[in-house]
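Reading through the structure tokens given below for one structure.
No lab work stands behind these numbers, since they all come straight from the coordinates. Keep in mind that this is a model prediction, so the values were computed, not measured. Backbone-built Cβ (ideal geometry, glycine too); neighbour counts: all protein chains shown.
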Amino acid sequence: MHRKAILMALAGAAAGIINGLFGAGGGMILVPLLTRMTDLDENEIFPASISIILPLCIVTLAMQAGTALPWRASLPYLLGSALGGIAAGIWGKHIPTKWLHRILGILMLWGGVRYLW
């Protein structure tokens, strides 16, 4: 196996661990690593990250098969997130990548500070 393929597999493993432990956050690992490790254009990085995270979420959900899934409590969030995903898909293409990076950084900082207390 080539060194780059091994590094990419390790990056995927890191994203899977973060996603499995925290229920989210794989993109925080994948976006920077995809930027450094691939020849993808900046506007291709986020869709590539999402295409990797979707199967991670499915695997994480399958690993929780022994627990009861709170579908009734989750349904409003699922519907809202689907609508948000559609809106982001439509309008996100018009936001410069530099601003997406800044917004993501601010959200990560906010979330990190919020969880310290």
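With Kirkwood radius over Cα pairs in Å in mind, check [x] 15.4; [y] 16.0; [z] 14.8 and report the label derived from this structure. Derived directly from the coordinates: [y]. For the chain, hydrophobic long helices are taken as DSSP H runs at least 20 Å long by C-alpha position along their axis with mean Kyte-Doolittle hydropathy of -1.0 or more; these are 3-22, 42-63, 71-91, 97-116. The convex hull built on the alpha-carbon positions of segment 1-45 has an orientation-averaged projected area of 3.2 nm². The smallest convex shape that holds all Cα atoms of segment 40-93, its convex hull, gives 66 Å³ per residue.
Structural descriptor for segment 1-43: relative contact order 32 percent, calculated from alpha carbon pairs under 8 angstrom and at least 6 residues apart. Shown is the FRET efficiency for SER74 and PHE22, computed with R0 = 22 Å from the Cβ-Cβ distance and rounded to the nearest 0.05: 0.85.
Relative to the Cα centre, the charge distribution of the chain, modelled as +1 at Lys and Arg Cβ and -1 at Asp and Glu Cβ, gives a dipole magnitude of about 200 debye. Expressed as a fraction of 2.2 N^0.38 Å, the value expected for a compact globular protein of N residues, the C-alpha radius of gyration of segment 70-117 is 1.49.
Entry note, the chain: relative contact order of 19 percent, from Cα contacts under 8 Å with a spacing of 6+ residues.
Here the peptides 50-63, 98-111, 70-83, 26-39 are ranked by packing, the mean other Cβ count within 10 Å, and the order with the highest first is 26-39, 50-63, 98-111, 70-83. The slack in the chain from GLN64 to ALA82, taken as 0.36 nm per residue of separation less the alpha-carbon distance, amounts to 4.3 nm.
Between the alpha-carbon centres of segment 9-57 and segment 100-117 there is a gap of 18 Å.
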